[in-house]
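Undergrad: Got a structure for you, written out below as structure tokens; questions coming shortly.
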Amino acid sequence: MSEPVSKGNTAAFVAIVGRPSAGKSTLMNALCGEKVAIVSSVPQTTRNRIRGIVNRDGGQLVFIDTPGFHDSTRTFNRHMRGLIEESIRDSEVLLYVVDGSRPPGDEELSLIELVGKHANLPRVVALNKIDTASAKRLDQMRILLSQRLPDVPVFEISARKPEGLEALVTELLRVSPEGEPVYPEDFYTDQPPEFRVSEIIREKALTGLREELPHSIYVRVDDMEVRELDSGGQQLWIRAFILVERNSQQGMIVGAGGQGIKRIRQSAQKEIASLFPYRIHLDLRVKVDPNWRRNDRLLDRLVH
Ligand SMILES: Nc1nc2c(ncn2[C@@H]2O[C@H](COP(=O)(O)OP(=O)(O)OP(=O)(O)O)[C@@H](O)[C@H]2O)c(=O)[nH]1
Ligand SMILES: [Mg+2]
């Protein structure tokens, strides 16, 4: 464990909640200065509680990124909603990310209600996407937030640009309780390597997909080992599978003449190479498993 930076430091777990695609993972990555969580234009990209760590002179913030809150009773969604509630329970601060570019709708109102219920925690709103949101839409959101969550400060930001993030971090540190850092100061995430690799592959597989298919994908890393190369140097050898629910989906991932899977493999390999000090060999295959989503054991593995 590292020593605290100075006396009177603050430290907090900060749960990030918001609708699917509000920009929660983009925000966490921008705050951490590293890509900790994968991002895509497909709603419900994040499926797990992912921690990202921010260290400042004033203290440490451990963000817990959560799946987008979705009103639905399907097993998978119920499971993800459970993760959100668990994350809030485990946190000292609640950060609510609102997409300023979309009309609020019922989903946003459910979230406002959820955030309203947790008045026992310091809460902060990040009104996101001010780079693209129209003035009218932003006004509508400002009014709604001031009416429904009058005690919660609102910070207007762009996670993508990025803009307005330091003021947000300062406020989060200000409302955090006093405490010692939980993680060493050079840490920005605590995810196991296999999980990071599977997430990178899933992000690359999501790119260019539409409709139901993104939710039908699960990536499993079966094997990861460092091998000595005859030519000298070391190689990280990875075997991974993209699991889909139906035969037709397998074809969509593989693509004509294998071009789809080749693109996924190449772009994933490149990003994985930026994380490890080895040359990367990625053996990537697509398999049909109609039951992965209903399988409780798999869901359990998705949690951690
Ligand atoms: N214009 C704009 N786009 C943004 C901003 N922040 C995020 N996005 C985009 O919004 C989309 C969703 O971003 P994510 O970070 O994956 O959203 P999320 O809230 O984590 O989504 P889930 O994991 O699905 O709940 C991506 O296409 C991002 O590039 C922003 O500040 N401005
Ligand atoms: Mg996300």
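Undergrad: Kindly establish whether residue 190 is open to solvent by less than 70 Å² (accessible area, probe 1.4 Å), under 16 Å from the mean Cα position of the chain (by Cα) and farther than 14 Å from residue 42 by Cβ.
TA: The answer is yes for residue 190.
Undergrad: While we're looking at this one, here's another question. Give the residues of region 110-157 that are more than 25 Å from the chain's Cα centre (by Cα), open to solvent by 60 Å² or more (accessible area, probe 1.4 Å) and of a type in the set (A, V, I, L, M, F, W, C), sorted by residue number.
TA: 135, 143
Undergrad: I would also like to ask the following. Looking at 202, 160, can you tell me which residue is within 16 Å of ligand 2 (Cβ to nearest atom) and open to solvent by 80 Å² or more (accessible area, probe 1.4 Å)?
TA: Working: 202 fails: open to solvent by 80 Å² or more (accessible area, probe 1.4 Å).
After applying the criteria, what remains is 160.
Undergrad: Restricting attention to region 23-46, report how many residues are within 8 Å of ligand 1 (Cβ to nearest atom), over 18 Å from residue 157 (Cα atoms) and touching a helix residue (DSSP H, G or I) at 6+ places or on another chain (Cβ under 7 Å).
TA: So the count comes out to 7.
Undergrad: May I pose another question? Can you go through 51, 81, 102 and tell me which one is more than 12 Å from ligand 2 (Cβ to nearest atom), out of contact with any strand residue (DSSP E or B) (no Cβ under 6 Å at 6 or more places or on another chain), within 24 Å of residue 199 (Cα to Cα) and in the same structural domain as residue 159 (by TED's automatic domain parsing)?
TA: When all the criteria are applied, what remains is 81.
Undergrad: Look at region 126-150 and say how many of its residues are more than 16 Å from ligand 1 (Cβ to nearest atom) and touching a Pro at 6+ places or on another chain (Cβ under 8 Å).
TA: Filtering region 126-150 down to residues more than 16 Å from ligand 1 (Cβ to nearest atom) leaves 136, 139-140, 142-150.
Narrowing further to those that are touching a Pro at 6+ places or on another chain (Cβ under 8 Å): 140, 144.
Count: 2.
Undergrad: Those residues that are crowded, with 20+ Cβ neighbours inside 10 Å, among the charged types (D, E, K, R) and under 20 Å from residue 161 (Cα atoms), I need them from region 29-47; list them, please.
TA: 35
Undergrad: With the structure loaded, tell me whether residue 12 is at pLDDT 80 or above and not in a helix (DSSP H, G or I) or whether it fails that test.
TA: Yes: the conditions hold for residue 12.
Undergrad: Which one of the conditions (1) assigned to a loop (DSSP other than H, G, I, E, B); (2) of a type in the set (Asp, Glu); (3) in the same structural domain as residue 46 (by TED's automatic domain parsing) does residue 139 fail to meet, given that it meets all the rest?
TA: With respect to (1) assigned to a loop (DSSP other than H, G, I, E, B); (2) of a type in the set (Asp, Glu); (3) in the same structural domain as residue 46 (by TED's automatic domain parsing), residue 139 is out only on (1).
Undergrad: Related question: Search region 102-114 for residues that are farther than 17 Å from residue 137 by Cβ and pair each with any residue that is among the aromatic types (Phe, Trp, Tyr) and at pLDDT 90 or above when their beta-carbon atoms are under 9 Å apart and the residues are at least 6 apart or on different chains.
TA: Within 9 Å, the pairs are 114/96.
Undergrad: Right, another one. Quick one: residue 281 ticks every box in (1) touching a Phe, Trp or Tyr at 6+ places or on another chain (Cβ under 8 Å); (2) modelled with pLDDT under 95; (3) under 22 Å from residue 194 (Cβ atoms) except a single one, so which number is it?
TA: Residue 281 satisfies all of (1) touching a Phe, Trp or Tyr at 6+ places or on another chain (Cβ under 8 Å); (2) modelled with pLDDT under 95; (3) under 22 Å from residue 194 (Cβ atoms) except (2).
The values are calculated or read from the model by the stated rules, or taken from the named source; none is laboratory data. The structure displayed is predicted, hence computed values, not measured ones. We place every Cβ from the backbone using ideal geometry, glycine too, and count neighbours over all the protein chains shown. Remember, those area values only see protein heavy atoms, side chains included, never the ligands or the DNA or RNA. Shrake-Rupley method; radii C 1.70, N 1.55, O 1.52, S 1.80 Å.
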